[in-house]
Amino acid sequence: MSQLSLKRLEKSFNDSRIIKGIDLEVAEGEFVVFVGPSGCGKSTLLRMIAGLEDVTEGQIEISGKVVNDLPPVQRGIAMVFQSYALYPHMTVYENIAFPLRVEKLPQDEVDRRVSAAAKVLQLEPRLKHRPGQLSGGQRQRVAIGRAIVRQPKIFLFDEPLSNLDAALRSEMRIELMELHKRLGSTMIYVTHDQIEAMTMADKIVVLNAGEISQVGSPLDLYHKPDNLFVAGFIGSPKMNFINGKVRSADGSTVTVDLGKLGVLSLPRTSTAVAGQDVTVGIRPEHMQLGSGEFTISTTPNIVEHLGIHTISYSTLPGGENFIGLFEGNPTIEDGKALDMSFAIADAHLFDSRGLAVY
Amino acid sequence: MSDVARTTEIAAVDSPAIVKPKARRRTARAMIDRYQWYEVAAIYLGIAVFLFFVLAPFIEGFLVSLKPLAQLFSTPYSFIPKNGSFDAYFNMWTSVPMLGMHIFNSFFISSVVTLIVVVIVVPAAYAFARFNFAGAGMLLGLFLAVNMFSGAVLLIPLFRLMRAMGLLNTYFAMIVPGAAFLIPSSIWLLRTYMLRIPRELDEAAWVDGASRLYTLRRVILPLAMPGIVVVAIMTFIGAYAQQFIFALTFNSKTEFMPLPVGLFAFFGKQEVQWNELMAASFVGILPVMIVIIFLQRYLVAGLTAGAVKQ
């Protein structure tokens with residue numbers, strides 16, 4: 001049985017619909033990441049699960065019980081806020097102990113739980129300090145500590161790492177993953193950073209304009225994006241899109257006319273796309289230098305040398321921007337024509353509605 | 001890079017012929033806070049002129065309190081007392097025996113007004129800062145409108161009201177109107193302060209199971225303390241200043257008179273005891289000073305530091 005289930009969940013502010021009917025099942029112990037561009041409703045969705053926002057339509061069930069009208073504390077959730085939301089006048093100890101004080105637990109129980117949490121989060125030497133004296137990462141750990149002591153069924157994280165600098169962020173990412181392993185609790189994590197989503201999630205929920213675009217494991221989303229939005233959102237640099245028109249679709253092969261780039265034949269069983277305007281997608285990292293199964297001749301406008309990678313930016317005859325990402329440090333220069341190619345198996349095809357064609 | 005290092009570097013760039021910055025004092029001040037000597041002189045001169053205007057009446061008042069009465073009317077007038085003494089500070093208690101009572105009344109009325117205002121304003125400001133309820137904006141506008149009337153305009157209606165309720169010549173008549181006029185501006189002040197406390201703190205407490213009142217007590221009150229102290233100080237001073245007009249109108253009993261009205265006792269039939277009157281004024285403001293010195297310890301700035309990442 002799933003631990004959290006959302007059924008046709010909707011949310012409107014005045015007349016604008018923010019969440020447009022979301023169905024989702026989360027199993028116990030899963031690490032689920034909500035990802036999407038800003039304004040897609042991912043934070044609102046999390047706040048609805050937390051009980052900070054009303055539900056306009058639909059149902060939220062936790063462990064089989066409808067919790068729509070329950071306050072957060074009775075839902076068995078704990079939340080870590082983007083801004084940490086620590087109480088600046090209290091010590092780290094009192095910050096972590098706050099939920100236990102609300103519950104009026106006896107002092108020795110509070111002591112036991114706070115020190116257990118502090119041990120897990122390596123905050124023991126900091127218990128007597130105030131949040132103002134801590135670094136960003138430590139503050140974040142205090143916020144997590146406050147969530148742990150209640151021993152909730154579900155942890156909710158609202159972009160917890162977005163205020164940290166890059167180095168600390170990857171460190172905290174690993175810490176959070178270790179924490180998830182150790183506690184084994186269900187975690188729901190909101191981020192706009194697809195790297196966080198790809199690295200941490202068991203299951204990624206890609207949200208776009210209040211709707212679920214696709215749900216799947218990180219590699220599913222990477223290799224088999226359901227639509228143009230997910231294809232463009234997952235992966236960095238972004239997937240290249242080339243506009244074309246289907247010349248023929250005979251049930252085993254779809255032949256796409258890419259204009260001046262030539263004609264591309266893809267093994268697809270769909271026949272519905274015949275005659276449609278379609279989009280061919282190819283990831284920059286799947287490009288190789290030199291000619292191959294499908295070769296593109298282009299002149300890069302800009303070449304970035306990153307040591308481990310080299311990235312070329314060029315404009316295709318059809319006006320689309322095209323990015324190539326190559327291993328190592330090949331000798332390519334901006335302004336000099338070159339050939340690059342990709343394998344047919346790496347190409348993605350999307351129909352005129354933006355849905356993947358198989 | 002330290003400040004000093006940066007300064008020398010800039011100096012080196014500025015002067016091609018390498019001039020040693022020997023005259024440059026090593027200060028910890030940022031470049032934007034550094035002034036030439038004449039600028040500093042001008043700033044202090046400005047402060048001195050301003051302070052003189054503010055403090056001159058106090059200085060003169062204090063000097064008057066030191067002079068014997070005869071010297072106050074001598075021509076030519078001398079500002080510096082010739083054979084000054086603190087006699088007035090001792091004699092005033094005998095020439096106006098109720099003086100101690102007047103000082104106590106002033107202090108008592110202001111304290112009770114402050115207490116009432118703080119008790120009412122804190123929850124009200126929290127409600128206006130956090131809850132969206134119908135008419136909140138209109139109520140706030142109304143408070144501002146009330147503030148535009150000075151108490152003096154409403155004195156006659158208030159008098160009739162007090163008389164009708166049989167409350168003339170009581171402490172109540174001097175305390176309640178005073179508190180009523182001070183509450184609206186205090187709500188505005190404290191509401192603004194509370195708006196600066198991040199809403200996430202309320203939400204975090206709510207998620208952790210705290211009730212609204214628990215959150216107010218454990219989270220909001222400690223963080224709003226500097227704002228509450230400002231409200232308390234302003235109310236105390238405001239109550240001290242405005243009690244004159246209420247006391248004059250609503251009270252005719254000597255034992256309830258606060259100091260500003262009580263000082264009239266120094267106006268004799270023949271002459272006014274100016275020196276003792278000044279002395280009494282100075283002693284009278286002493287309690288206010290003590291209260292303010294006591295309260296300002298709670299005016300800790302930056303208490304919210306570290307709550308959220310700004």
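Worth a mention:
- Highest-MSF residue in chain B out of B:VAL49, B:VAL153, B:VAL229 [GNM, Cα springs under 10 Å]: B:VAL49
- As a calculated quantity, the FRET efficiency between A:GLN74 and B:THR170 at R0 = 60 Å, using C-beta atoms, amounts to about 0.75.
- Per residue of B:218-224, other chain Cβ atoms within 10 Å of the residue Cβ number 3 on average.
- For chain B, built as a Gaussian network whose Cα springs stay under 10 Å, the top-fluctuating residue of B:ARG29, B:ARG130, B:ARG191: B:ARG29
- Net charge of Cβ neighbours under 15 Å - reference A:GLN59; Lys, Arg +1; Asp, Glu -1: -3
- Against the rule of thumb 2.2 N^0.38 Å, how large the Cα Rg of chain B comes out: 1.39
- Put the Cα centre of segment A:291-327 next to the Cα centre of segment B:142-216 and the gap is 68 Å.
- Charged side chains reduced to their Cβ positions (Lys and Arg at +1, Asp and Glu at -1) give chain A a dipole of some 1040 debye around its Cα centre.
- Calculated FRET efficiency for the pair A:GLU109/B:ARG212, C-beta based, R₀ 25 Å, to 0.05: 0.45
- Overall, the protein assembly as shown carries a charge dipole of about 2340 debye about its Cα centre when +1 sits on the Cβ of Lys and Arg and -1 on the Cβ of Asp and Glu, all other atoms neutral.
- Counting only other chain Cβ atoms within 10 Å of each residue's Cβ, the peptide A:75-86 averages 5.
- Reachable lysines, given that their alpha-carbon falls under 26 Å from the alpha-carbon of A:LYS238 and they are not under 8 places away in the same chain: A:LYS42, A:LYS203, A:LYS224, A:LYS260, A:LYS336
- Taking the DSSP bridge list for chain A and keeping only pairs wholly inside it, about 75 percent are antiparallel.
- Neighbouring partner chain Cβ atoms per residue of B:197-204, average, 10 Å criterion: 6
- Between B:GLN71 and B:ARG196, the contour length at 0.36 nm per residue exceeds the alpha carbon distance by 39.4 nm.
- For segment A:155-257, share of DSSP beta bridges that run antiparallel, in % to the nearest 5: 70 percent
- According to the Kirkwood relation over distinct C-alpha pairs, the hydrodynamic radius of chain A is 23.0 Å.
- Shape metrics for the protein assembly as shown, restricted to C-alpha atoms - Rg then Dmax, Å: 37.1, 122
- Charge tally in the Cβ shell below 13 Å around B:ILE43, where Lys, Arg are +1 and Asp, Glu are -1, B:ILE43 excluded: -1
- Gap separating the Cα centres of segment A:74-120 and segment A:170-214, nearest whole Å: 23 Å
- Efficiency of FRET between A:LYS119 and A:SER217 - r from beta-carbon atoms, R0 35 angstrom, step 0.05: 0.60
- Each of A:THR56 and B:LYS253 was given a label point 7 Å from its Cα along the Cα-to-Cβ line. The distance between the two points is 6.4 nm.
- Note on A:ALA343 and A:GLU304: the extension gain reaches 11.7 nm, defined as 0.36 nm multiplied by sequence separation minus the Cα-Cα distance.
- Potential lengthening between B:ASN91 and B:LEU155 on full extension [0.36 nm per residue; Cα-Cα distance subtracted]: 19.5 nm
- Chain A: DSSP helices with Cα axial extent of at least 24 Å and average Kyte-Doolittle hydropathy no lower than -0.5: A:166-183
- Per DSSP, loop chymotrypsin sites (Phe, Trp or Tyr not before Pro) in segment B:140-202 with at most 11 further Cβ within 10 Å: B:PHE149
Just so you know, all these numbers are worked out from the coordinates, no wet-lab data involved. Just so you know, these numbers come straight off a predicted model, no measurement behind them. Neighbour counts are summed over all protein chains in view; Cβ atoms, including those assigned to glycine, are modelled from backbone coordinates with ideal geometry.
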